[in-house]
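> Take a look at this one; I'll ask things after.
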Amino acid sequence: METKSDGGSSSEMSLLLLTFRNRSTVLKTVHYALGTLMACVVLVCMVELIKHEGAPSTQRSIQHRKVLSLSESVLLRSVKKSDGIYDVFISVKTSAKFHEERLAVILKTWFTLDPTNIFFFTDAEDPSIRSIVGAQLIPTSCSSDHSRQALSCKMQAEFNYFLNTNSRWFCHFDDDQYVNIPGLRRKLAEFPPHLPWYLGKPSIQRPLEILDKENPVDQKKIRFWFGTGGAGFCLSRPLAERMVNLAGAEQFINTAEKMRLPDDVTMGYIVEMLAEVPLTKLDEFHSHLEPLRLVRELEKQISFSYSSYGDEDGKEERNIVEVQGFQEMMDPTRFLSIHCKLFPSTSWCSAIP
Ligand code: UDP
Ligand code: MN
């Protein structure tokens, strides 16, 4: 019995071994097949990646690479990592006459903090600016003066362009502003983006009161707040979507003309009176309509500006942020020094005496 049983077990054993061997062969084959498949997938991905890197559509990122120093790109990566999503469309209004005088310092400083989301709306082509910002230079057909029409024409272009993006936020700034991009992103994160938001800083103490031009016979007055354009303002996408029929296509220009209001005031009118969304005031935005020497704790602020004005004796007075750093002759706007204060590891900041 035992022998039989033994004999039975040994034949069972050899069958088992055979099955096992067969199985291990099958397993090996499966292993090889999987391995080869994985290798193919990796290879295809790499080829795609290389193709993508070289595609003309990425010309913009190649150009960005040109202007980014190593330390700046490290900084950029840290901004990317901490925020995760690229959801803020930033438009800067400018004019050909300011490309050199005003854009140069922006391109050297805060543009490097988010070089794929900052767009410049201007009135003429400029190869040297284009070589740095690529497709983000938008030469509109608006005229190049300081008239209400010219400025609202650019605002129209900014708004329409934003409507065609997927960004969650539209933020406008003037070209005499410095924008603390990480500070802006941190602030925007406080506002649920699925709701309509109009964020900005008024330049007057009370809401603006004007005659309602829609009802000229009644002589009725209307009151509303507006975020001053020179401090910057932001609209969330749900608000912008609500404004498509009120400010899209050519509606913004039409309203500015009908109301005879400057572009930032027109924005306030459309948002508060027509879209019925109140302005949320942000103290961290600063225009040159306020005394900038009073601005403290720069890390907490979002936008800064500068200006010059003649005093009573005809001497030129400067309204600028008080910050240690480069000498005023080297850095009249103080933007270089502000940048170094906020991002001290920037390579050229080591040149501060
Ligand atoms: N601007 C313009 N065309 C002009 C003058 C100004 O597009 O002829 C833009 C300028 O680039 C800036 C904004 O309008 O973004 C405000 O201009 P500026 O700072 O010169 O004047 P402000 O209105 O602040 O006194
Ligand atoms: Mn200005």
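> In the stretch 220-261, what GluC sites (Glu not before Pro) fall in a loop by DSSP, with at most 12 other Cβ atoms inside 10 Å?
Numbers: sites: 241, 250, 257; in loops: 250.
Passing sites in the stretch 220-261 are 250.
> Provide, as a two-decimal number, the C-alpha radius of gyration of the stretch 194-353 over 2.2 N^0.38 Å, N being how many residues it has.
Against the compact-globule rule of thumb, the ratio is 1.28.
> What pairs in 108/341; 93/300; 300/341; 154/281 have C-alpha atoms more than 20 Å from each other?
Values: 108/341 15 Å; 93/300 24 Å; 300/341 12 Å; 154/281 24 Å.
Table pairs above 20 Å Cα-Cα are 93/300; 154/281.
> Fewest Cβ neighbours within 10 Å first, please rank 233, 98 accordingly.
Numbers: 233 26, 98 16.
Fewest-to-most Cβ neighbours within 10 Å comes out as 98, 233.
> Further, regarding this structure: Work out Dmax and Rg for the stretch 142-189 from the C-alpha atoms and quote the Rg first, both in angstrom.
Gyration radius and largest Cα-Cα distance of the stretch 142-189: 13.1, 36 Å.
> Additional query: Local charge sum around residue 337 (other residues, Cβ-Cβ under 13 Å, Lys/Arg +1, Asp/Glu -1)? Don't skip to the answer; put the middle values down first.
Details: positive: 108, 334, 341; negative: 322, 328, 331.
Its environment carries a net charge of 0.
> Moving to a separate point now. Can you list the equivalent-ellipsoid semi-axes of the stretch 65-281, largest first and in whole Å, using the square root of 5 times each Cα gyration tensor eigenvalue?
30, 20, 14
> Once the Cβ-Cβ distance between residue 215 and residue 141 is put in as r, and R0 is 22 Å, what FRET efficiency do you end up with, to the nearest 0.05?
Details: r = 34 Å, r/R0 = 1.53.
It comes to 0.05.
> Loop-only trypsin sites (Lys or Arg not before Pro) in the stretch 256-335, please: DSSP not H, G, I, E or B, and at most 13 other Cβ atoms within 10 Å. Don't skip to the end; give the middle numbers.
Working: sites: 258, 260, 281, 293, 296, 300, 315, 318, 334; in loops: 260, 296, 315, 334.
Here the trypsin sites (Lys or Arg not before Pro) that fit, given the DSSP loop and packing criteria, are 260, 296, 315.
> Ok, one more. Once the Cβ-Cβ distance between residue 260 and residue 350 is put in as r, and R0 is 41 Å, what FRET efficiency do you end up with, to the nearest 0.05? Could the numbers behind the result be given before it?
On the way: r = 51 Å, r/R0 = 1.24.
After rounding to 0.05, the efficiency reads 0.20.
> In whole Å and largest first, what semi-axes does the C-alpha gyration tensor of the stretch 292-351 yield when each eigenvalue is scaled by 5 and square-rooted? Let's see the in-between values first.
Numbers: eigenvalues 112, 39, 11 Å².
After diagonalising the Cα gyration tensor, the semi-axes are 24, 14, 7 Å.
> Also, I was wondering about something else. Find how much the distance from residue 299 to residue 194 grows on full extension, using 0.36 nm per residue of separation minus their present alpha carbon separation; answer in nm with one decimal. Don't jump to the answer; show the numbers that get you there.
Details: separation 105, 0.36 × 105 = 37.80 nm, distance 2.73 nm.
Between residue 299 and residue 194, full extension yields an extra 35.1 nm.
> Given the stretch 145-244 reduced to its alpha-carbon atoms as identical point scatterers, what log10 I(q)/I(0) does the Debye formula return at q = 0.21 Å⁻¹?
The Cα Debye sum returns log10 ratios of -1.29.
> Shifting gears a bit: On a full-extension model of 0.36 nm per residue, what is the gain between residue 186 and residue 311, subtracting their alpha-carbon distance, rounded to one decimal in nm? Can you show the working numbers first?
On the way: separation 125, 0.36 × 125 = 45.00 nm, distance 3.79 nm.
Working it through step by step, the gained length comes to 41.2 nm.
No lab work stands behind these numbers, since they all come straight from the coordinates. It should be emphasised that the depicted structure is a prediction, and the values quoted were computed from it without experimental measurement. Cβ coordinates were reconstructed from backbone atoms using ideal geometry, including for glycine residues, and neighbour counts include every protein chain displayed.
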